[in-house]
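Below is one structure, written out as C-alpha cells; comments come after it.
Nothing in this text is a laboratory measurement; each read-out follows from the coordinates by a stated rule. These numbers come from a predicted model, not from an experiment. So basically every Cβ, Gly included, is an ideal-geometry build from the backbone, and we count neighbours across all protein chains shown.
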Amino acid sequence: MADTVDPTCAPIPRSTLHDERRLTFDGVEWPLEAPPFVEPEFHGWQHRLQYWALRAATRGAAALPAPLQRALVASVAGVARRVDRRHSDAAREFLRAALPALPGREHERLVVEAWRHLLRVALVAEGVQQRILGRRLGDCYEVHAPPEVEELVVRPGGFVCVTAHVGYWEASSPGVAAYFGRPCYAVGKAPRNDFVAAHVQRLREAQGMRIVPRKGAMQVIPGALRAGCVAGLLLDHRPRQKPVMAPFFGRLAACDRSAGVLLRRVDAPIVFYGCYALGRPWAGDPWRFELRFTRLVRPDELSGLSPEEIATLVNHELEALILYRPEQYFWLHDRYRGAPREAPDAALSTSSHRRDD
C-alpha cells in the first residue's frame, strides 16, 4: 500500500489558479492581533537550553545528505517504535479500526512508517524556508480543487480550512496562503517551551499564517473571518477537556467540543484539505506537494446540528483524507483512549438536532 492512492477516492480537477504567484509573504497585513502564542511559565533557562538543543538537532539532521537522512530516520524510528510501546500499541489499535481488511504484517509496516513519517515531517518543516519560500506556487504545489472551492479564491469573505495530521501539514501554510491570496490564521496549542513557541510563530508568519492559541480562538477567529481571512484547524487530535464522542473509523472517539461550537457560530464555509508529498522530498526528490481540497460544507449544512453531529461530519471527511494516503498519516495518535469500545450509538446520527452550546 505504500506510496499508493486509495482507488475509491473520486478524482478532483487540477486547479492552475495563481500558479505563477510567488510564495513570499513579507508584506502581509494582519487585520487582527492574536494573543501571544506562549505560556509564560515555560520561559526558564532550562527551556532555553532545550530550544537550542532542538534547533541544533533539526538543523544538523536537515543538512545531512539524503542517504544519511534516510538512515537516521530509519534508525531513530526503529528505536522509538520499540521504546515507546504506548504510542506503537495505540497505532496498532487505530489501524485495526481504520483498515481492518489489512493483514497484521501490513499494520505493523504502517506503524513503522508512522514513526518514520513523524521524523520526515520534522525535516520537511525545517526546510520550508529554504526550499519553498520565494518560488512560484506551481513549482511547489499541485493544487486540486472542486469548482465550489475555486470560487472561494475570487469571492470575498472568510472561510475555514480543516485538515488532519496527514501528509505534510507543516508544508501546507505557504500553499494555502498563496492559493487563496489572503492572510491565514491557524488555531494551535503552544509548545511547553516559550522559545520554541516564538520560533514556530515566526516561521508561520513568514509562511503567510499567524497562529492563534486555542484559549483565544473564540475571540479571534470570528473577527478574522469577518475580515475575509482564512482560518485553519487541525481536528484529528484527542482533546483533554470536555470532549464529545463521535464515530471515527467505526468506533467512538473523543473529539473537540469547542471546535463544533466554533464551526457553527462563525457562519462561514468549511473546506477540507490535505497536503501530500509527491515523491520523496526527504530522499532527494524535488520538493513538490499535492494540495488537495476535497469538500466544501456550507453554513446551512451545520444549522441546528449539535457538537456531536458536527464532529461526526468532520470525522467522516477526515477519514477520506487519511485513506487517500494512509502511509502519510500520524497513526500514533491515541484516538480511542477513554472512549467506550461498543459501536457508536444511533443518537449520534445527523438526524438528531439537539443543540449544546
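Between M218 and E108, the contour length at 0.36 nm per residue exceeds the Cα-Cα span by 35.6 nm. Take the Cα of T16, step 7 Å toward its Cβ, do the same at V83, and the gap between the two points is 5.0 nm.
Free of any GluC sites (Glu not before Pro) that DSSP assigns to a loop and that have at most 16 other C-beta atoms within 10 Å, the longest stretch within the chain is 42-341. DSSP finds beta bridges in the chain, and of those with both partners inside it, around 45 percent are antiparallel. Taking trypsin sites (Lys or Arg not before Pro) in DSSP loop conformation with at most 12 other Cβ atoms inside 10 Å as exposed sites, the chain has its longest uninterrupted site-free stretch at 1-191.
The smallest convex shape that holds all Cα atoms of the chain, its convex hull, gives 142 Å³ per residue. Summarising the label geometry, the points placed 7 Å from Cα in the beta-carbon direction at R202 and E148 lie 4.2 nm from one another.
Taking each residue as 0.36 nm, the span from Q241 to R136 lengthens on full extension beyond its C-alpha to C-alpha distance by 33.7 nm.
Simple point charges give the picture: +1 on the Cβ of Lys and Arg, -1 on the Cβ of Asp and Glu, and for the stretch 14-338 a dipole about the Cα centre of about 880 debye. Measure out, as a whole number of angstrom, how far apart the alpha-carbon centroids of the stretch 88-151 and the stretch 217-262 sit. Centre-to-centre (Cα) distance: 21 Å.
Multiplying the residue separation of A56 and R280 by 0.36 nm and removing their Cα-Cα distance gives an extension gain of 78.3 nm. Near the amide H of A231, within less than 5 Å, lie the amide hydrogens of F159, V160, C161, Y185, all on another chain or at least 5 residues away, with H placed in the peptide plane.
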